[in-house]
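The values are calculated or read from the model by the stated rules, or taken from the named source; none is laboratory data. Predicted model, so just to flag it, every value in this text is computed and none were measured. Please note: Cβ atoms are built from the backbone with ideal geometry, for glycine as well, and neighbour counts cover all protein chains shown. Note: accessible area is taken over every heavy atom of the protein model, side chains too, but ligands, DNA and RNA are not part of it. Shrake-Rupley method; radii C 1.70, N 1.55, O 1.52, S 1.80 Å.
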Amino acid sequence: MHVVFGHGGFRGQQAEIVSHVIAGGDAIVLMPTGGGKSVCYQLPALARPGVGIVVSPLIALMRNQVEALRQLGVRAAALNSSLDAAERSRVRADLRGGRLDLLYVAPERLVSPDFLALLDEVPIALFAIDEAHCISQWGHDFRPEYMQLAALGTRFPGVPRIALTATADPQTREDIRRRLDLGVARLFLASFDRPNIFYNIALKSEPKKQLLAFLKTHPGESGIVYCLSRATVEETAAWLRAQGINALAYHAGLDAGMRNRHQDAFLAEDGIVLVATIAFGMGIDKPDVRFVAHVDLPSSLEAFYQETGRAGRDGQPAETLLLYGLHDVTLRGRMIDQGDAPDEVKRVERSKLDALLGVCETAACRRRAILAHFGETPPVACGHCDNCATAVETWDGTVAARKALSAMLRTGQRFGVGHLTDVLLGVATEKIVRFGHDKLPTFGVGTELDRKAWASVFRQLVVGGIVAVDHAAFGALCTTPLSGPILRGTETLRFRRDRPNPKSTALKTTDRAALDPATETIFEALRARRKHLALEQGVPAYVIFHDSTLVALARSRPRSRAELEAIPGMGRSKIERYGDEVLAALAQGTAK
Ligand code: ADP
Ligand code: ZN
């Protein structure tokens with residue numbers, strides 16, 4: 001394990017999975033992003049005779065994996081449509097000649113008759129089916145080609161199959177077992193906790209400024225900013241650039257050349273902020289993404305989990321920020337209501353959105369709320385989210401809720417938050433006068449709260465299902481069956497006091513920030529060296545070394561090859577390739 005991968009030891013269930021597969025067992029592995037799934041099939045592929053065949057849905061992903069494996073001295077190749085005929089026949093020849101440890105293939109290529117015939121001729125160590133959730137229609141990444149992979153079991157009896165995914169929900173899990181014909185495969189289910197991720201969720205007031213304040217706590221680090229629309233992506237990226245942030249835009253409307261350039265730059269270089277729609281991300285396995293920010297509300301708790309999960313895959317501290325407001329809540333609701341999905345799908349989408357809103361509005365631990373949704377029972381407080389770090393104030397909102405409901409009822413449930421707030425505050429606008437709402441008994445009864453506070457009340461009423469938004473009537477608010485008990489005074493309500501600006505903890509928590517100045521200088525020198533090596537070879541910097549390896553090198557300053565072996569991420573092949581250069585850079589750095 002250390003010799004090839006440079007890891008100090010196994011993590012979580014890796015050891016168990018590896019020995020199960022080496023012994024020839026089938027496995028279904030559910031592990032969060034960054035959990036270390038690759039080792040679970042790479043190591044058995046090396047240990048067992050023959051070549052390990054890895055099914056992977058994305059070419060970009062294959063390319064990175066193969067590159068990283070070659071750096072480790074593993075004989076890896078990929079077979080996909082991006083290769084020309086000559087390259088393809090070379091890979092086939094290597095496969096036939098037994099000169100490959102691991103071969104990555106796209107699913108449609110794997111099941112083609114001539115490729116299967118080729119596989120009949122060579123010993124196979126195992127089949128690994130990565131991103132196995134692509135076989136399920138429940139997930140949003142359904143790929144029909146995956147359906148044909150069921151046949152592998154009968155065609156190659158005795159070859160172990162291991163299906164891996166980071167998608168947790170029970171329906172998908174069941175689909176994977178059934179559709180891949182993995183009846184007796186052992187299930188390895190890891191916790192979906194990402195302990196190195198710090199969660200912040202804040203009320204959206206001035207999104208650009210809030211975002212900028214957040215980015216300023218992550219200088220020189222790589223991160224992703226998600227926006228709902230292409231227009232917001234463009235606008236946000238341009239604005240950030242004007243503020244001196246190295247931001248690039250990414251969305252499906254950009255021409256392919258520019259999109260790829262921006263993606264490649266983000267993968268290869270340090271410190272780029274990629275502003276993107278959700279078109280970006282699937283299959284991106286850059287390990288050193290230090291933050292993910294959502295300027296708009298994601299569609300569901302699952303989407304939020306997957307998207308924030310792209311931060312901190314290397315296990316180093318990472319931070320997320322989500323900004324949301326009532327507008328996001330109604331917009332997402334409308335997208336579901338007015339979409340053309342069948343009713344039962346809309347119900348599922350609605351409940352997944354509600355789960356996310358629950359996490360947004362909770363006054364308790366965010367992590368606990370997220371993990372509870374995945375069926376886990378974590379501790380009451382994680383100590384590593386905004387709510388745990390600073391206790392949320394709550395207040396008795398029963399009277400305010402009753403006033404808000406009464407304003408809705410008296411005005412005929414035909415108006416939105418702006419108008420209702422005018423009624424409550426007693427503002428005689430032209431519209432108020434025109435409708436005679438200044439004559440209502442509710443007019444001016446809510447001056448104990450300001451406009452912001454009323455917005456917060458209405459939002460929490462909507463999220464709590466006490467008030468509904470009538471999308472057909474331009475966002476008018478109306479009552480629901482849950483309104484009754486509040487109006488009658490048989491139930492009370494507590495609201496959270498909104499906190500617009502999260503206190504970022506990033507600076508205090510990242511390993512890098514904890515470096516003393518001398519060590520920081522050495523780290524920067526190593527980073528510059530790494531960048532040079534990466535450019536020379538045309539590979540992303542993290543393929544050469546992870547940040548965590550650079551931090552460890554800067555801290556312990558090894559002076560010999562033997563001492564290098566103790567550093568995480570320094571396997572045999574890396575020491576062979578870069579050992580002398582690293583030692584030289586360290587000697588130079590420490591001499592100063
Ligand atoms: P996944 O595919 O589950 O998202 P990866 O296999 O890409 O995760 O691993 C995530 C990161 O964790 C990689 O950078 C990898 O090098 C690292 N890693 C995996 N296993 C270990 C381990 N046992 N010790 C240290 N680092 C590990
Ligand atoms: Zn917490």
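Across the stretch 271-285, the number of residues qualifying as more than 12 Å from ALA247 (Cα to Cα) and either more than 16 Å from ligand 1 (Cβ to nearest atom) or touching a Pro at 6+ places or on another chain (Cβ under 9 Å) (or both) comes to 6. Determine, yes or no, whether VAL445 is of a type in the set (A, V, I, L, M) and free of Cβ contacts under 8 Å to residues at least 24 places away in the same chain. No.
Report yes if some residue within the stretch 321-333 is within 16 Å of ligand 2 (Cβ to nearest atom) and either within 29 Å of LYS209 (Cα to Cα) or open to solvent by 10 Å² or more (accessible area, probe 1.4 Å) (or both); otherwise report no. Yes, there is a match, as at least one residue in the stretch 321-333 is within 16 Å of ligand 2 (Cβ to nearest atom) and either within 29 Å of LYS209 (Cα to Cα) or open to solvent by 10 Å² or more (accessible area, probe 1.4 Å) (or both).
Within the stretch 250-278, restricting attention to residues that are under 11 Å from GLY223 (Cα atoms) and not acidic (Asp, Glu), which residue is surrounded by the fewest Cβ atoms within 10 Å (Cβ to Cβ)? Checking each candidate, the answer is GLY271.
Answer with yes or no whether HIS20 is more than 9 Å from ligand 1 (Cβ to nearest atom) and not aliphatic (A, V, I, L, M).
So HIS20 passes the test.
Could you pull out every one of the helices (runs of 4 or more DSSP H) wholly within the stretch 343-457 that has 2 or more residues that are small (Gly, Ala, Ser) and in the same structural domain as LEU301 (by TED's automatic domain parsing)?
343-361, 366-373
Pick from the stretch 469-502 the residues that are of a type outside the set (Ser, Thr, Tyr), crowded, with 19+ Cβ neighbours inside 10 Å and more than 24 Å from ALA391 (Cα to Cα): which of them is farthest from the chain's Cα centre (by Cα)? Here the answer is ILE486. Can GLN460 be described as among the polar types (S, T, N, Q) and either within 35 Å of the chain's Cα centre (by Cα) or not in a loop (DSSP other than H, G, I, E, B) (or both)? So GLN460 passes the test. Within the set ALA525, ALA585, the sole residue that is open to solvent by 30 Å² or more (accessible area, probe 1.4 Å), assigned to a helix (DSSP H, G or I) and modelled with pLDDT of 85 or more turns out to be ALA525. I'm told PHE443 meets every condition in (1) farther than 13 Å from THR398 by Cα; (2) touching a Ser or Thr at 6+ places or on another chain (Cβ under 8 Å) except one. Can you identify the failing condition by its number? Single failed check for PHE443: (2). Taking the stretch 347-379 as the range and being among the hydrophobic types (A, V, I, L, M, F, W, C) and either closer than 18 Å to SER456 by Cα or without any contact (Cβ under 8 Å) to a residue 60 or more places away in the chain (or both) as the test, the residues that pass are VAL348, LEU353, ALA355, LEU356, LEU357, VAL359, CYS360, ALA363, ALA364, CYS365, ALA369, ALA372.
Count of the stretch 360-400 residues, restricted to those that are under 19 Å from the mean Cα position of the chain (by Cα), at pLDDT 90 or above and either hydroxyl-bearing (Ser, Thr, Tyr) or away from ligand 2 (no atom under 11 Å from the Cβ) (or both), is 1.
Every residue in the stretch 538-564 that is within 15 Å of ligand 1 (Cβ to nearest atom) and either open to solvent by 40 Å² or more (accessible area, probe 1.4 Å) or among the aliphatic types (A, V, I, L, M) (or both), please. Those that are within 15 Å of ligand 1 (Cβ to nearest atom) and either open to solvent by 40 Å² or more (accessible area, probe 1.4 Å) or among the aliphatic types (A, V, I, L, M) (or both): VAL539, ALA541, VAL543, ILE544, HIS546, LEU550, VAL551, ALA552. Taking the stretch 298-319 as the range and being part of a loop (DSSP other than H, G, I, E, B) and in contact (Cβ under 8 Å) with a residue 60 or more places away in the chain as the test, the residues that pass are PRO298, GLY309, ARG310, ALA311, GLY312, ARG313, ASP314, GLY315, GLN316, PRO317. The set of residues from the stretch 411-461 being open to solvent by 50 Å² or more (accessible area, probe 1.4 Å), within 27 Å of GLU361 (Cβ to Cβ) and not hydroxyl-bearing (Ser, Thr, Tyr) comprises GLN413, ARG414, VAL445, GLU448, ASP450, ARG451, LYS452. Those residues that are assigned to a loop (DSSP other than H, G, I, E, B) and over 13 Å from ASP296 (Cα atoms), I need them from the stretch 198-232; list them, please. THR217, HIS218, PRO219, GLY220, GLU221 - these are the residues of the stretch 198-232 that are assigned to a loop (DSSP other than H, G, I, E, B) and over 13 Å from ASP296 (Cα atoms).
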